[in-house]
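Just so it is clear, none of the values below were taken in a lab; they were calculated from the coordinates. Remember, predicted model here, so these are calculated numbers, not experimental data. As a convention, Cβ positions derive from the backbone with ideal geometry for all residues, glycine included, and neighbour counts pool all protein chains shown.
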Amino acid sequence: MFFPESQVRILLCTQATDMRKSYKGLSALVKNTLQENPLSGQLFVFVNRRQNQMKVLYFDRSGYCIWSKKLEQGQFVVRSAPDGKRQLNWTQLKLLLDGIEIKKSRQYKRYSHL
């Protein structure tokens, strides 16, 4: 099972990604396309052109990990962003994985201990 830490930063690459890429290819995308450090421990989410496959790359202190999901039917709904990336929280990632899109919602301010 996939259980990242609750306070981890999650970045979604909104550009279509070739799912044949593995550790080196995805970490190069993080560095060159997203302009982020692939060794930071953040989760980097990639979706293919058909939007039916997703890979999550992260570094967990001792090496890279890739979590992958392929849908038998349906698509992941990924909206484009001007800079090619969008920050998500854990709840938004879970909704994306479950195929739930909330178009209009309001999130009220909550206390967050950092």
Practice problem: Round to a whole angstrom and tell me the spacing of the C-alpha centers of segment 74-114 and segment 39-63. | Solution: 16
Exercise. Can you tell me the relative contact order of the chain? Whole percent, Cα pairs under 8 Å, sequence separation 6 or more.
Key: 28
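For a quick check: sort MET19, MET54 by the number of other beta carbons within 10 angstrom, fewest at the front.
The fewest-first ordering by Cβ neighbours comes to MET19, MET54.
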Quiz item: Looking only at Cα atoms, what is the convex hull volume of the chain per residue, in Å³?
Solution: 125
Quiz prompt | Electrostatic dipole magnitude of segment 10-98 [Cβ: Lys, Arg +1; Asp, Glu -1; Cα centre; debye, to 20] | solution = 180
Practice problem: Once you've got the Cα coordinates, tell me which of LYS69/LYS109; LYS24/LYS55; LYS69/LYS103; LYS69/LYS94 are over 20 Å apart. | Solution: LYS69/LYS109; LYS69/LYS103
Quiz item: Rounded to the nearest 500, what is the chain's calculated 222 nm mean residue ellipticity when only DSSP H runs of at least 4 contribute -39500 (n - 2.57) each, over all residues?
Solution: -5000 deg cm²/dmol
Exercise. Just subtract the alpha-carbon distance of ASN37 and LEU97 from 0.36 nm times their residue separation and send over the number in nm, one decimal.
Key: 19.2 nm
